[in-house]
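Chemist: Got a structure here, written out as structure tokens. Questions coming.
The values are calculated or read from the model by the stated rules, or taken from the named source; none is laboratory data. Quick caveat: nothing in here was measured; it's all calculated off a predicted structure. Glycine also receives a Cβ, built like all others from the backbone with ideal geometry; neighbour counts cover every protein chain displayed.
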Amino acid sequence: MSELVVFDFDGTLVTRDSFLDFSRRYCRAHPARLAFAVALAPLAALVRLRSLGGAASVLLWGMTFGVPGRRFLAELRRYAREELPRHVNPLVFAELERHLGDGRRVVVATGTLPLFVRALVRSRDLTRIPVVGTRLKRRFGGFVAETHCIGRTKVRELERRLGITAWTTVYTDSFADRALLRAASDVVLVGPSRRTLSRTRLLNPARLRVL
């Protein structure tokens, strides 16, 4: 089996939660949408008791209700083009480029939108990299998450969309990726908290490195 390396995106290849950062900027630019999303916060809190992804969808729907799809897509692309390159983690991107240069297969499994990942990869003149991530759909006049690609969903999406069931190395900043970490022979944690570091050591005694 050829070596396959899985990279997380938020907090790993970039230094922030990209969609959360986009949402904050979008709402600041559209105060009425922010007010509507805030009004839905109690419902989101109730939904969160059952599903974090469901709660996020409630707020996303409030933020995008009535917005033409093309206009929202244009806003996403503008953020990816103008803002994301400012928040690259150069050390981790250097690792990604090294793996590509050594002939390893590289994929990105992320909770953010694949659009953000692909735009940033293109801006750095890298070859196209397969991505699985959160996908949105239009519903009742706004956008919601069709697939919230976090936790075990990353494993399912890697298999369902790319036919990937095994990997050698994982780069991430979060223990939320433990389903990926369990199956890796090499783990690279990016700026982990002490708790993430200790939990990962207990979960996977394989080779562990910290960036």
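Chemist: Report, by residue number, each residue of the range 179-191 that is within 20 Å of the chain's Cα centre (by Cα) and either among the small types (Gly, Ala, Ser) or at pLDDT 95 or above (or both).
Modeler: Across the range 179-191, the qualifying residues are ALA179, LEU180, LEU181, ALA183, ALA184, VAL187, VAL188, LEU189, VAL190, GLY191.
Chemist: For the range 192-211, give me each residue that is within 17 Å of LYS154 (Cβ to Cβ) and over 19 Å from the mean Cα position of the chain (by Cα).
Modeler: If the condition is that a residue be within 17 Å of LYS154 (Cβ to Cβ) and over 19 Å from the mean Cα position of the chain (by Cα), then THR200, LEU203, ASN204 are the ones that fit.
Chemist: Further question on the same structure: Residue by residue through the range 118-133, note down the ones that are in a loop (DSSP other than H, G, I, E, B) and surrounded by fewer than 22 Cβ atoms within 10 Å (Cβ to Cβ).
Modeler: Within the range 118-133, ARG124, ASP125, LEU126, THR127, ARG128, ILE129, PRO130 meet the criteria.
Chemist: Continuing with this model, one more query. Any residue at all in the range 140-156 that is among the β-branched types (Val, Ile, Thr), over 30 Å from GLY62 (Cα atoms) and in a strand (DSSP E or B)?
Modeler: Checking the range 140-156: not a single residue is among the β-branched types (Val, Ile, Thr), over 30 Å from GLY62 (Cα atoms) and in a strand (DSSP E or B).
Chemist: Moving to a separate point now. Please enumerate the residues belonging to the range 98-114 that are without any contact (Cβ under 8 Å) to a residue 40 or more places away in the chain and either among the hydroxyl-bearing types (Ser, Thr, Tyr) or under 25 Å from LEU76 (Cα atoms) (or both).
Modeler: Within the range 98-114, PRO114 is the sole residue that qualifies.
Chemist: Name the residue that is surrounded by the fewest Cβ atoms within 10 Å (Cβ to Cβ), counting only residues in the range 170-211 that are touching a residue at least 40 places away in the same chain (Cβ under 8 Å) and hydroxyl-bearing (Ser, Thr, Tyr).
Modeler: Ranking the qualifying residues of the range 170-211, first place goes to SER174.
Chemist: Within the bounds of the range 1-9, is there any residue that is at pLDDT below 90 and among the aromatic types (Phe, Trp, Tyr)?
Modeler: No, the conditions are met nowhere in the range 1-9.
Chemist: Ok, one more. For the range 153-171, give me each residue that is over 21 Å from HIS99 (Cβ atoms) and under 13 Å from the mean Cα position of the chain (by Cα).
Modeler: THR153
Chemist: When the residues of the range 77-92 are narrowed to those that are among the aliphatic types (A, V, I, L, M) and touching a helix residue (DSSP H, G or I) at 6+ places or on another chain (Cβ under 6 Å), which ends up farthest from VAL144 (Cα to Cα)?
Modeler: Among them, the one singled out is LEU84.
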